[in-house]
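The values are calculated or read from the model by the stated rules, or taken from the named source; none is laboratory data. What you are looking at is a predicted structure, and each value in this text was computed from that prediction instead of being measured. Don't worry about glycine lacking a Cβ; one is built from the backbone with ideal geometry, like all the others, and counts go over all protein chains shown. Only protein heavy atoms, including side chains, enter the accessible area calculation; ligands, DNA and RNA are left aside. Shrake-Rupley method; radii C 1.70, N 1.55, O 1.52, S 1.80 Å.
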Amino acid sequence: MRIFLAMLAPLLWGTTYVVVSNYFTHWSPFALAVWRALPAGLLLLALKPTFPKMHELLGILIVGFLNITLFFGMLFNSALHMPSALVGVGMMALPVIGVLVVGVIHHQKPSWLQITSALLLVACAGYLFIMNNPHISVSAILFLLGAMTTLITGSIVTKHIMKSIHWWKLLTWKLIFGGLMLAPLAWWDIHSHTNYVSPIPSTLMQWGAMFWLVVALTSLAYSVYVYTIPLITTTELSFFGTFNPILAMVLGATLVSDAFSEKQIIIMAVMVMINLATQYYESRKSKASPDAVIEY
């Protein structure tokens with residue numbers, strides 16, 4: 001059961017980019033981020049009311065700003081202007097960002113395998129992005145890099161704050177506070193860009209997609225993910241985390257019909273194998289640590 005629960009969240013998150021690119025084109029990315037965060041937090045609050053104490057507010061606000069306001073904002077700015085499979089390609093290179101951020105914060109030198117793997121992943125991702133240059137912008141790539149950097153940094157901060165705040169309370173209120181901080185950005189973004197559509201779902205299919213985004217991909221996925229952190233090892237956590245970008249790449253190349261040649265698909269497969277092989281080798285060298293936090 002714990003394995004199923006641990007797999008569930010990354011698999012759900014892997015559908016995010018397909019849902020966004022199919023149903024929310026021409027939306028303000030910040031408005032979409034508000035939709036994903038605030039209703040999900042309020043739903044968790046309704047299911048299990050819990051309120052932060054005064055001394056917990058600063059920690060929750062910091063996590064909400066990093067993991068929700070910054071991460072959701074930049075992720076949707078990227079996902080709305082990039083083929084969904086390429087978002088998966090970018091997220092597959094997340095370990096590269098992780099090595100850099102952890103190296104700076106914890107002064108850890110990467111192994112030769114991590115360096116080699118990082119160079120190969122960057123080369124593969126760079127080739128795929130260059131080959132799809134007519135379809136993407138530099139700003140979309142920068143937003144994706146920013147989202148991944150924020151993701152790793154926010155996860156390190158969350159790991160420490162979770163030691164003193166119950167996970168349900170932290171999850172509930174980081175979504176609420178993060179959504180509230182996104183609201184003025186969404187208002188400004190909508191009023192400064194006349195080409196955005198109304199940030200209210202207009203069709204039954206769009207309401208269904210919004211339900212999936214809020215309930216399945218946020219309320220359920222985040223709850224299951226945080227709940228299973230103490231139940232699985234870091235090795236399992238890292239392995240299951242790769243399901244997110246892998247599924248995004250597969251769905252992007254099939255359901256969304258992103259145009260990729262056979263050569264590009266082979267390169268994507270190579271990226272997956274490099275990622276998994278590196279994680280497996282590194283996990284053999286270190287003891288499992290059950291309290292790692294890596295959020296998507």
Discussion item. Among the residues that make up the range 155-166, is at least one of them closer than 14 Å to Ile68 by Cβ, hydrophobic (A, V, I, L, M, F, W, C) and over 17 Å from the mean Cα position of the chain (by Cα)?
Written reply: yes
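Go through Leu42, Leu75, Leu32, Leu70 for me and flag whichever is in contact (Cβ under 8 Å) with a residue 40 or more places away in the chain, in contact with a helix residue (DSSP H, G or I) (Cβ under 6 Å, 6 or more places away or on another chain) and open to solvent by 10 Å² or more (accessible area, probe 1.4 Å).
Values: Leu42 fails: in contact with a helix residue (DSSP H, G or I) (Cβ under 6 Å, 6 or more places away or on another chain); Leu75 fails: open to solvent by 10 Å² or more (accessible area, probe 1.4 Å); Leu32 fails: open to solvent by 10 Å² or more (accessible area, probe 1.4 Å).
That would be Leu70, the only listed residue that is in contact (Cβ under 8 Å) with a residue 40 or more places away in the chain, in contact with a helix residue (DSSP H, G or I) (Cβ under 6 Å, 6 or more places away or on another chain) and open to solvent by 10 Å² or more (accessible area, probe 1.4 Å).
What number of residues within the range 161-184 are open to solvent by 70 Å² or more (accessible area, probe 1.4 Å), in contact (Cβ under 8 Å) with a residue 40 or more places away in the chain and assigned to a helix (DSSP H, G or I)?
Selection size over the range 161-184: 1.
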